[in-house]
Amino acid sequence: MAGLQFAAGQSTGTVRHSYPATPPGMQGGFLTPTHGCFASQGTKSELRSLGGPRGCPRRCGRYHSATAMAHSIGMDRFGMAAITPTRDELAQRLAVTYEHAIVGIAEIDAQGRRMSVNATACALTGRSREELLGGSVFDVTHPEDRDEDFRQYQRLVAGEIDRYSIEKRILRKDATVIWASVMCSAVRDAGGKLLYAVRIFQDITENKRAADALAESEQRLAATYEHAGIAISEVDAQGRLVRVNETTCAITGYSREELLKLTVFDVTHPDDRAADHESFDRKTVDAGQGYAVEKRLIRKDGRIIWVSVTSSTVCDWAGRFRYGIRVMRDITSQRRAREALAASERRFRELLETLPAAVYTTDAAGHVTFYNQAAVELAGCAPAAGSDKTGSDAWWRGWRLYRPDGTALVPDESPMGLALKQNRPVPGTEVLLERPDGTRVPFIAYPTPLRDETDELIGAVNMLVDISARKQAEANQKMLLDELNHRVKNNMQMLHALLRAAQRETQSAEARTVLADASHRVGAMAAAQQVLYEAGTPITYRARDFLEGVCATARQAFTGNIAIDIAECAPEHLSNDTAMPLALILNELLTNAAKHGTNAGEGAIRVALTKGIEGFELTVEDDGPGFDLGEGSRRSSGLGLVSGLARQLSGAFRVERAPGARCRVQFVDRGTAH
C-alpha cells in the first residue's frame with residue numbers, strides 16, 4: 001500500500017511527510033517517516049507549549065511538534081478530529097502512542113529476544129534501542145530474580161498460562177539497580193501458537209523502597225511492642241485480652257495462651273476489681289477516655305503484686321470503641337519503698353517531738369508542715385490556733401530576729417529564708433530572737449533544704465539550738481580571762497619598769513648590759529601579752545597585730561634613727577602557744593640587727609612572716625656586714641636563745657649573707673595544724 005501523504009501549509013513553508021500505510025512500516029517499534037523527518041519550522045519554545053518537542057526517530061536533530069503531528073493526521077490544535085481517521089491513520093496514531101507511553105513496552109520472541117522496544121524501555125534500562133534489540137530480556141535481570149522470571153516465561157511459551165506478572169530487579173547500563181513491575185502476556189495465532197509476547201514494565205523502585213521501609217517500620221514496631229520493658233495488652237469491650245506482649249506474661253506469670261482466655265479483671269485482686277471495672281466501663285468503653293490506676297494483681301503462682309495501669313482507647317473513624325490499650329508496670333518495690341518511707345517519716349516525727357532542740361519543717365514555699373514543743377518554747381508562742389501545725393509561714397517569718405551585733409534581720413535574710421531562697425544549707429548561723437514577752441534568746445540555726453529524688457526543692461528543716469547557757473558561760477569565762485590578762489599585763493609592766501630602773505641605777509657596765517637585755521625581753525613578752533589580751537579570742541591571735549606590737553616595743557628601746565619595716569605578713573592567725581617564744585625570737589633578732597647591722601645607729605631593718613607548705617617562716621634582714629651563725633652564737637647568748645626557742649617551735653634557725661645578715665626562723669604552729 002502506498003504511503004500516506006500529509007501536507008501542512010504554513011507561512012514559513014510547506015512540509016510534507018510520508019508514512020507507510022501499514023504496521024510493517026514501523027521499524028524497531030516506532031513510526032519511521034519514509035523520507036527525511038518532520039521538518040516543522042516552529043521554534044523549540046512553540047513546540048514545548050504545544051505538547052513538547054519530539055525528537056526524530058532517525059535522530060536528524062530536528063524537533064517535531066504535537067501540533068504538526070496532529071495536523072498530519074487531521075486534528076486541529078484543540079485535539080478535535082477534523083476528519084474521520086482512516087485505518088492507516090489509526091495505525092500511525094497507535095504507533096505514536098506505543099512509542100511515547102509512560103511505561104516500558106517490549107515485544108519479544110519465544111526465546112525472550114527483543115523484537116521491538118519503545119523509548120521508555122530504553123530510558124528505564126539506560127540503554128539505546130540498538131543495544132536492546134535482539135538481546136534477551138533476561139540478560140538485564142538481576143541474577144537472583146532471573147530464574148523465576150525465566151521459569152514463568154517458559155510456561156507462557158508452552159501455553160500453560162497466557163500472562164503473568166512479576167516484580168524483579170533490572171541492572172541498568174550504569175550499574176545501578178532498579179525495581180520494576182513486569183506484566184507479560186502472549187500474542188498467539190488462531191491455532192494457539194505463540195507469535196510474540198508483550199512485556200509492559202514500569203519503575204517501582206521508590207514504591208519498593210517505601211514498602212520496604214514500611215515493612216521494616218512495622219517489624220520494628222512489632223519487636224518494640226513485644227520486647228518493651230513494660231507490659232502492653234489489647235482488650236475488647238468486655239476487658240478480654242486479645243493481644244499481650246512478653247512482659248505481660250512475665251509480670252502475671254501466665255503464658256500467652258492462658259492470658260488470651262482471661263479478662264484483665266480475672267487477675268485483679270478482689271478488693272480492687274470493682275473500682276477498676278467501673279472505671280474501664282465508664283471512661284474507656286463509654287467515654288473513650290483514658291484513666292490510670294494502681295491496683296493489686298494476683299499472679300498465677302498466687303503471689304500478690306502491685307501494678308500501675310494506664311488504660312486508653314482506640315476508636316474508629318466514627319468515634320466508636322475498637323479496642324483498649326492497657327500499659328502496666330510492676331510497682332511492688334516502689335510501693336514498698338513508699339510505705340517504708342511513710343513509716344520512716346512517722347518515726348522521724350516521733351523522734352523530733354522528743355528532741356530537746358527546737359525543730360520545725362516547711363514546704364518549698366515556707367509553709368510550716370511540722371514543729372515540736374521545743375520550738376514553741378524557744379519562740380515563746382505556737383502557730384495560730386486552728387493551723388493544725390501546717391499551712392502557714394506567718395509563724396517563723398513573724399519572729400523578730402537580730403544579728404549578734406544587734407542589727408535587725410528581715411525574714412528573707414534569716415537562715416531559714418536563705419536556705420529556702422538559695423536552696424542550700426546555711427549551718428551554724430548565730431541569731432538573737434526576741435520573744436513576744438520581750439525577752440531575748442540567742443540560738444544557732446541549722447536550716448537544711450529537703451529535696452526529692454530529682455533534686456527539686458520540696459521544703460526545709462530547721463534545728464534551733466538554744467545557746468543561752470553557753471553564752472552565759474562564755475561571758476563568765478571572758479570576764480575571768482580579762483581579769484587574768486590584766487593582772488599578767490600589769491605584772492609584766494611592773495617587772496619591765498623595775499628592770500629599767502635597775503639598769504639606770506647600776507654602776508656596772510656589764511650589769512647594765514644584762515639588765516638591758518632582760519628589759520628588752522620582758523618588753524617583748526609584754527607586747528605579746530598585750531596582743532593576746534586584745535585578740536578577743538582565748539586561743540589565737542592575728543599575726544600582723546603581733547608583729548606590729550613586738551616591733552613597736554623593740555623600736556622604743558633603740559637609740560638613733562633605726563626604722564623597722566614589716567615587708568610582708570601572712571593574713572593567718574597563730575595559736576597562743578607560739579606567742580611568747582616567737583616574741584623572744586623576734587626581739588633577739590631585732591636587737592642583734594640594731595647593734596651589728598646598722599651604721600652608727602642609722603639604718604633599716606626588714607621583717608617578714610610568711611606561710612609556706614610546711615609551716616611559717618620569720619625573716620629579719622639588715623644591711624650590715626653579716627655574720628656567721630656559729631661564731632655569732634659563741635659571741636652572743638641571744639643567738640643561742642633564738643636557736644633553742646626555734647627548736648621549741650619544732651623549727652630551725654639559719655643565717656644568710658645576702659648582702660647583710662638575713663636571719664630565718666622556720667617553725668610549725670602545732671595549734672593551728674590541728
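Brief remarks on what is shown
- Only one of the numbered conditions (1) closer than 20 Å to ILE108 by Cα; (2) in contact (Cβ under 8 Å) with a residue 60 or more places away in the chain is not met by GLU234, and that is (1).
- Given (1) surrounded by 13 or more Cβ atoms within 10 Å (Cβ to Cβ); (2) modelled with pLDDT of 90 or more, number of the condition THR407 does not satisfy: (1)
- Pair list, Cβ < 7 Å and 6+ apart or interchain, from the range 320-332 residues that are on the phi > 0 side of the Ramachandran plot to residues that are polar (S, T, N, Q) and in a strand (DSSP E or B): none
- Count of the range 87-121 residues which are surrounded by 16 or more Cβ atoms within 10 Å (Cβ to Cβ) and without any contact (Cβ under 8 Å) to a residue 12 or more places away in the chain: 0
- Residues being surrounded by 17 or more Cβ atoms within 10 Å (Cβ to Cβ) and not hydrophobic (A, V, I, L, M, F, W, C) - total across the range 241-252: 4
- Any hit, the range 482-493, residues being in contact (Cβ under 8 Å) with a residue 24 or more places away in the chain and among the hydrophobic types (A, V, I, L, M, F, W, C): yes
- Annotation: of all residues in the range 131-166 being assigned to a strand (DSSP E or B) and surrounded by fewer than 14 Cβ atoms within 10 Å (Cβ to Cβ), the one that is farthest from the chain's Cα centre (by Cα) is ARG163.
- Residue match in the range 456-475 (condition: part of a loop (DSSP other than H, G, I, E, B), surrounded by fewer than 14 Cβ atoms within 10 Å (Cβ to Cβ) and either assigned by TED's automatic domain parsing to the domain that holds ALA382 or modelled with pLDDT of 90 or more (or both)): yes
- Count of the range 476-514 residues, restricted to those that are more than 17 Å from ALA528 (Cα to Cα), polar (S, T, N, Q) and part of a helix (DSSP H, G or I), is 4.
The values are calculated or read from the model by the stated rules, or taken from the named source; none is laboratory data. Given the structure is predicted, the values throughout are model-derived calculations rather than measurements. Positions of Cβ are generated from backbone atoms using ideal geometry, with glycine treated the same way; all protein chains shown enter the neighbour counts.
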